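Presented below is the structure to which this report refers.
Derivation of every value follows stated rules applied to the coordinates shown; laboratory data play no part. Just so it is clear, the structure is predicted and the values come from calculations on it, not from any experiment. Using ideal geometry, Cβ is built from the backbone for each residue, glycine included, and neighbour counts are taken over all protein chains shown.
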Amino acid sequence: MRRLPRDPLAFLWSRVRMLAAGLDARFGRASLVAPGGPVVSLTSFDPRLRSAHLTIASIGCGRVRPARIILWLDELDHVAMPVPTLARLRRRGLELRHCVDHGPHKKYFPYVSSVAHHTVPMVTADDDVLYPRRWLETLLADHLIRPDAVFAHRVNRITVRAGRVEPYVAWERALDRRVTPRNYAVGIKGVLYPPRLLDALRDAGDGFVGVAPGSSDTWLHHRSLAAGVVTLPTLALHGRGFTPIRGVARAPALFEQNVDAGRNDRVRAALLAPDQVRAIVEDDWESIATACRTAM
């Protein structure tokens, strides 16, 4: 027996948005990119390539368009002979680039490692979400006010009890702009990384391979602390307007491994230096900033 959707209205709305994005991807002619915006970088894998155009079309329909939008693929054939939907979007400004298969790190690492000196921010996106029209506009507006910070539409706040960091599943949502090392950007709704952190990520290389191959958010939180770059939530949209693409394949066991099976917690324990753990427990951003100023 076929299961009914839990929320019929949300299901219907997602179908309407998918249809609209599909029509734009098929018949639209306007450029997906425009001068002055940030770089948008994302990745996909074989089962989702036939729906990735929906995400990309939703980004290209935004009130602010990216200066570049790059889709990183680890199979060379998919770049040389893309599916028709992506081939059409390539004529409107989408860049299809080949990269090494670094799992979820593909959506940012090939780009950051290819630029000698970063001067514009990079925004990461997931390939199974339809983004609202003000998605990029609100991230960029916050960046212009505070160009040294990471901004994300979803930021978790690490929970500490009795002097110990609670498991990832117990963390709360950050709903204010308090500067704290406990803020942890979650990639699904999009994250803006400032140029200074992009340079630091490039210099850190592929150290994630040995310790965090499937936990890109945890690696990026660790590297932002190491660089003294604060993470803050973008609050203008209140988390609304993000629509999941229905009927697409999920990344292989990524959520189950990172959250349900506790991989994020194990990776965090392996990555964070004692001074970073201390700063998180004590909610002390100044010690992070001081350590980074001393190291410079």
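Just a few scattered comments:
- Of all the options 145, 70, 56, the one that moves most in a Gaussian network model of the chain with Cα springs shorter than 10 angstrom is 145.
- Correct option for Cα extents along the principal axes in Å [calculated from the coordinates] among (i) 48, 42, 40; (ii) 54, 51, 36; (iii) 78, 65, 35: (ii)
- Label-point separation in nm, residue 211 to residue 30, each point 7 Å along Cα→Cβ: 4.5
- Length added when fully stretched, residue 281-residue 81, from 0.36 nm per residue minus Cα-Cα: 67.0 nm
- Going from the fewest other Cβ atoms within 10 Å to the most, the residues 27, 151, 45 appear in the order 27, 45, 151.
- Within the chain: Cβ-based charge dipole about Cα centre, in debye rounded to nearest 20 (Lys, Arg +1; Asp, Glu -1): 1220
- Helix 285-295 vs. the chain, principal-axis angle (Cα, 0 to 90°, nearest 10): 90
- By the helix-only formula, in which each DSSP H run with n ≥ 4 contributes -39500 (n - 2.57) and the sum is divided by residues, the chain has a 222 nm mean residue ellipticity of -10500 deg cm²/dmol.
- With Cα atoms, 0 to 90° folded angle of helix 135-145 axis to the chain main axis: 40
- Between the Cα long axis of helix 195-204 and the first principal axis of the chain there is an angle of about 80°, rounded to the nearest 10.
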